[in-house]
Amino acid sequence: MSYPQSEQVEQLRRQYEQQFAELRETQRRLSELSCTVTAPRRVVAVTVGHGGVVKDVKFPSGAYKRMTPAELESAVLTTITDAQQQVADEAADVIAPTLPPGVDARKLFSGDVDLQSLLPPTPELRPTTRDVMNIRD
């Protein structure tokens, strides 16, 4: 004999397992993200991983030898920034399908989303409810 509640519980368990598997896959894909950017004239090549962590810096040519320290500094910092932006864009692409509708993953990763805007509005309570709950302004 089958009970409707048992079937509902089983369905909920399957949904949970599916969501958990999808979450593990998303985490795996994020952890494997890596992006390498090479500066013009092959002055420097920078590899960053998920979270923008610099994993490698290489100087693939001798072009850096002809640069002033300020030029080299600028090239290195610009290349790091470009690589970090690219890996953030890739991470946004990975995470976007898991976000609620209307949430821009790129804006979320860049910090341009007001997280409070994602919350439902605070409901207005009727005066009688406010009295029962002893809520005063």
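Bear in mind these aren't lab numbers, they're just calculated from the coordinates by the rules spelled out. Keep in mind the model is a prediction, meaning the values are calculated, not measured. Here the Cβ is made from the backbone with ideal geometry for all residues, glycine too, and neighbour counts use every protein chain on show.
Considering only Ser74, Val103, Val44, whose Cα is most displaced toward the positive end of the charge dipole of the stretch 24-122, charges sitting on Cβ of Lys, Arg (+1) and Asp, Glu (-1)?
Val44
Hey, what do the phi angles of the stretch 90-102 turn into as Karplus ³J(HN,Hα) couplings, whole Hz, using 6.51/-1.76/1.60 and θ = phi - 60°, x for Gly and Pro?
5, 5, 4, 5, 5, 8, 3, x, 8, 8, x, x, x
Quickly work out the Leu125-to-Arg24 label distance, labels modelled 7 Å from Cα along the C-beta direction, and quote it in nm with one decimal.
4.4
How many nm separate the modelled label positions at Val54 and Gln8, each set 7 Å beyond the Cα in the direction of the Cβ?
5.6
Under the Karplus relation 6.51 cos²θ - 1.76 cosθ + 1.60, θ = phi - 60°, what is the ordered set of whole-Hz ³J(HN,Hα) values for the stretch 121-130, x standing for Gly and Pro?
x, 5, x, 7, 9, 5, x, 5, 5, 4
Tell me, what is a quarter of the convex hull surface for the C-alpha atoms of the chain, in nm² with one decimal?
That works out to 16.0 nm², a quarter of the Cα hull's surface.
If the reach is capped at under 30 angstrom between alpha carbons, list the lysines near Lys107, excluding any in the same chain fewer than eight residues apart.
Cross-link targets: Lys55.
Could you give the semi-axes, largest first, of the ellipsoid that matches the stretch 21-89, computed as the square roots of 5 times the alpha carbon gyration tensor eigenvalues and rounded to whole Å?
30, 10, 7
How many nm separate the modelled label positions at Met67 and Asp112, each set 7 Å beyond the Cα in the direction of the Cβ?
2.7
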